[in-house]
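First the structure, in the form of structure tokens, and then the observations on it.
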Amino acid sequence: MQISFKQVQYFLAAAETGQFSAAASKVHVTQTTITSAIKELELALGLQLFIRHHAFGVSLSVDGQKFLHHAYNILAAVNSAMHDPGLMHQDMTGRIRVGATPSVMSFYVIPAIARFTRAYPQIELELVEFPREELERALLSGSVDVGILWLANLAEADKFLMAPLARSRRQLWLPASHPLLEKRSIALADIAALPYALYNMDDTPKNTMLFWQKAGLEPNIRYRTSSIESIHSLVAQGMAVTILSDVSYRPFSLEGLRIESRPLLDGLSAIEVGLAWPLERQLSSAADAFKIFMQLTFGGPGSGIKLL
């Protein structure tokens, strides 16, 4: 059985929205079409790509997370072929310096950089990790050409042009067999008294307190760590719960223990990772090629991302 491009599109829509119904709306087909296409894709691959949570939507399985990278590569290749061949010059030369914040470095940046350097071997790319405040200063001073970060965290957003790359939901992470998994709906009030693990990286502590304060509640923070693997372990071991974006979610800790994720009734807004560069500085040809490549890699039909 062969895999179709439509199946890959529908898989990505479901992975990004976390619901077959929302995925259907995103790509303008029926939910039955999405469900059937993903079942056929799973049969063709011989893998279970999604874990079905019934009323709570779906989440990627371990195999689904692995296939996600292949799906983005497929989408990028098709998008590149559909665009003007003169848009992307594979023999282009130049040098670009890219900055990224720590929390997006491993999840988004490294795989995309690897694809870019293979596509543009003549472009010399330097990648530097910065705290968000330092990255903004480096961009404005010209020591960095393009930044990759959570766009909502920009303190001086009016000084930058931005290109969203991907949206990530924020959900509750729980250990397997946690009593709250039996509830049909979970709110912040249900977890306020539980031990909470705070991911102490970038602007996550500030943003975490903002949505708790908006609900008139305060988390019971018992653990603070800048290691995402420690967060996975704390939750999987049943020592804490946390609320983080889907991009950093993995269904198993390093010890092989299960981690569950659930949406919250409080309607936490999704967050966007994207590119930023100074409003008053024109990108070089090499930097512009990088921007377009990244948009094509993460964008695609139904993504809602527009090329700037």
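The values are calculated or read from the model by the stated rules, or taken from the named source; none is laboratory data. Quick caveat: nothing in here was measured; it's all calculated off a predicted structure. Here the Cβ positions follow ideal geometry from the backbone for every residue, glycine too, while neighbour counts run over all protein chains shown. Protein only, heavy atoms only, side chains kept; ligands, DNA and RNA dropped before computing areas. Shrake-Rupley method; radii C 1.70, N 1.55, O 1.52, S 1.80 Å.
Odds and ends about this structure:
- Stretching the chain fully between Met239 and Leu254 yields a gain of 3.9 nm (0.36 nm per residue, less the alpha carbon separation).
- Dipole of the chain, positive end: most advanced residue of Leu68, Ile38, Leu154 [Cβ charges, Cα centre]: Ile38
- Taking all protein chains together and rolling a 1.4 Å probe, Asp145 ends up with roughly 50 Å² accessible.
- Accessible solvent surface per residue of segment 134-249, calculated while the other protein chains remain in place, 1.4 angstrom probe, Å²: 44
- About its Cα centre, the chain has a charge dipole of approximately 600 debye under the convention of +1 per Lys or Arg Cβ and -1 per Asp or Glu Cβ, with nothing else charged.
- The DSSP beta bridges internal to the chain are antiparallel in roughly 60% of cases.
- Greater than 31 Å apart at Cα, pairs in Lys39/Lys214; Lys66/Lys214; Lys66/Lys291; Lys26/Lys291; Lys26/Lys183; Lys159/Lys206: Lys39/Lys214; Lys66/Lys214
- Expressed as a whole percent, the accessible surface of the chain that belongs to carbon and sulfur atoms is 53, based on a 1.4 Å probe.
- In segment 177-308, the inverse of the mean reciprocal separation of distinct Cα atoms equals 17.4 Å; this is its Kirkwood hydrodynamic radius.
- Correct option for semi-axes √(5λ) of the Cα gyration tensor in Å [calculated from the coordinates] among (1) 32, 26, 16; (2) 37, 21, 17; (3) 42, 19, 17: (1)
- Positive-pole candidate from Ile243, Ser185, Ser103, dipole of the chain, charges at beta carbon: Ser185
- In the chain, the DSSP-assigned H stretches of four residues or longer account for a calculated mean residue ellipticity at 222 nm of -11500 deg cm²/dmol, using -39500 (n - 2.57) per stretch and the full residue count as denominator.
- Binning all Cα-Cα separations of segment 1-52 at 10 Å, short to long from zero, yields these whole-percent fractions: 29, 59, 12.
- Highest to lowest packing among 91-101, 211-221, scored as the average C-beta count within 10 Å: 91-101, 211-221
- Segment 161-210 and segment 92-125 have Cα centres separated by 29 Å.
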